[in-house]
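For reference, the structure discussed in these notes is given below.
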Amino acid sequence: MNERWLSVEEIADHLGVSRDTVYGWIATREMPAHRVGRLWKFQTSEVDDWVRRGRAADEGSGTIKEEPGRSKPARMSR
């Protein structure tokens, strides 16, 4: 049986992350994605395997982690 192709919104929901995180992973972490015209499509089995191999958790994955007990840096004004 053929696996259904998922959209960015559907794969983000499947993984419990935002669409922006998915786009970041495509660009920087080599998330398995297939371009169909202007759209990105995903197969759940490929993405799940990619996550299991730890690729989503690698350093520089595009997500910002705050250190416990530290506040966010202040913005500099001009």
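Here are the numbers:
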| item | result |
| --- | --- |
| Trypsin sites (Lys or Arg not before Pro) within the range 1-36, DSSP loop, no more than 13 other Cβ atoms inside 10 Å | 4 |
| Solvent-accessible surface ranking, highest first, for 21, 28 at 1.4 angstrom | 28, 21 |
| Rounded, prolate or oblate (a/c below 1.5 giving rounded, otherwise prolate when a/b exceeds b/c) for the range 1-54 by Cα gyration tensor | rounded |
| Loop-resident sites, the range 1-32, for GluC sites (Glu not before Pro), counting at most 13 other Cβ within 10 Å (DSSP) | 3, 30 |
| Net charge dipole size for the range 3-58 [Lys, Arg +1 and Asp, Glu -1 on Cβ; Debye, nearest 20] | 180 |
| Under-5 Å amide H pairs with residue 5, H placed in peptide plane, nonlocal only | none |
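The values are calculated or read from the model by the stated rules, or taken from the named source; none is laboratory data. Keep in mind the model is a prediction, meaning the values are calculated, not measured. Heads up, the Cβs are rebuilt from the backbone with ideal geometry, glycines too, and the neighbour counts pull from every protein chain shown. Heads up: the accessible areas ignore ligands, DNA and RNA and are worked out on the full protein's heavy atoms, side chains in. Shrake-Rupley method; radii C 1.70, N 1.55, O 1.52, S 1.80 Å.
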